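Remarks on the structure that follows.
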Amino acid sequence: MSIWQLVRTGGFTMIILLTCSIISLAIIIERYIYYRRRSKQKRIEFIHHIRQELEKGNLKKALEICKNTDSPFSSVVYSGLNLSGHSEVVISNTMEREVAIETIKLERFTSIVGTIGSTAVYIGLFGTVLGIIRAFRDISAAGTGGISVVIGGISEALACTAAGLCVAVPAVIAYNYFIKKIDNFITDMELAASEIIDLITLKIK
């Protein structure tokens, strides 16, 4: 069956699933591009460049490197270096707040994909149940109909379950990927913050 035939067969349930599929796909593409763009710079290389500039006493250049690097940990490092000269507690607290801010940006829209992944199957089952009820109701109203009629009605109703699985499986896979990616970003931010604290407090020469 074509997509239009599936939508007509599943009714409003199929329309809901189709909408969920479009939303989920749009978020998956947007988040993938966002994470890919913000993970181009490796933390080890970045910290190495920052260390070199701090060893030269060139704090301004280190801040410029942070500004020109599009990654979550560069924002954290910038917030710490920008307070160079303050107490360790102040610098640490500032970077912790920046980690929280960056984490919120990284988690944007991901809960929607997770929700779609966990509910799409149930929406499909709901459509299937409604389809089966409709099939038996039509048979009862007509007063006739053999096993072929029942099977035909049930097979059409199961299209909703199939559609629900098609929506749910990619969404769940993408959500798990997002969670793993966010965890990696958070680890990099925390390590970068710790390394910057050491660099500032130890006053590398």
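The charge dipole of the chain, taken about its Cα centre with unit charges on the Cβ atoms of Lys, Arg (+1), Asp and Glu (-1) only, comes to about 400 debye.
At an R0 of 30 angstrom, the distance between the Cβ atoms of Ala26 and Ile197 translates into a FRET efficiency of 0.15.
Taking the charge dipole of the chain about its Cα centre, with +1 at Lys and Arg Cβ atoms and -1 at Asp and Glu Cβ atoms, the residue from Ile139, Asn58, Phe73 reaching farthest to the positive side is Asn58. Quick one: of Lys40/Lys67; Lys60/Lys105; Lys67/Lys181, which pairs are farther than 18 Å apart, Cα to Cα? Correct reply: Lys60/Lys105; Lys67/Lys181. Each of Ala163, Phe46, Ser92 was placed along the dipole of the chain (beta-carbon charges, centred on the mean Cα), and the one lying farthest toward the positive end is Phe46. GNM remark for the chain: springs join alpha carbons under 10 Å apart, and the peak mean-square fluctuation among Arg97, Arg43, Arg137 falls on Arg137.
If R0 equals 35 Å, the separation of the Cβ atoms of Ile132 and Ile33 corresponds to a calculated FRET efficiency of about 0.25. Debye-formula intensities of the stretch 1-144, expressed as log10 I(q)/I(0) at q = 0.10 Å⁻¹, are -0.58 (one equal scatterer per alpha-carbon, no solvent). Extension gain for Glu107-Glu55 works out to 15.2 nm (0.36 nm per residue, less the C-alpha to C-alpha distance). In the chain, the DSSP-assigned H stretches of four residues or longer account for a calculated mean residue ellipticity at 222 nm of -30000 deg cm²/dmol, using -39500 (n - 2.57) per stretch and the full residue count as denominator.
Within the listed set Val129, Val121, Val76, the Gaussian network model of the chain (springs between alpha-carbon atoms below 10 Å) gives the highest mean-square fluctuation for Val129. Each Cα pair under 8 Å and six or more residues apart adds its sequence gap; the mean of these over the residue count of the chain is a relative contact order of 33 percent. Largest first, the extents of the alpha carbon coordinates of the stretch 88-135 on the three principal axes equal 70, 13, 9 Å. Which residues does a label at Leu83 reach in the stretch 21-61, if reach means a backbone N under 19 Å from a point 7 Å past the Cα toward the Cβ? Within reach of a label on Leu83: 59-60. How far, in degrees from 0 to 90, does helix 72-81 lean away from the longest principal axis of the Cα atoms of the chain, to the nearest 10? The angle comes out near 30 degrees. Angle, helix 110-142 long axis vs. longest principal axis of the chain, Cα atoms, 0 to 90°, nearest 10? Computed tilt is about 0 degrees.
Each reported figure results from applying straightforward, stated rules to the coordinates on display, with no laboratory input. Owing to the predicted nature of the structure, the values given are computational and were not obtained by experimental measurement. Note: ideal-geometry Cβ built from the backbone for every residue, glycine included; neighbour counts use all protein chains shown.
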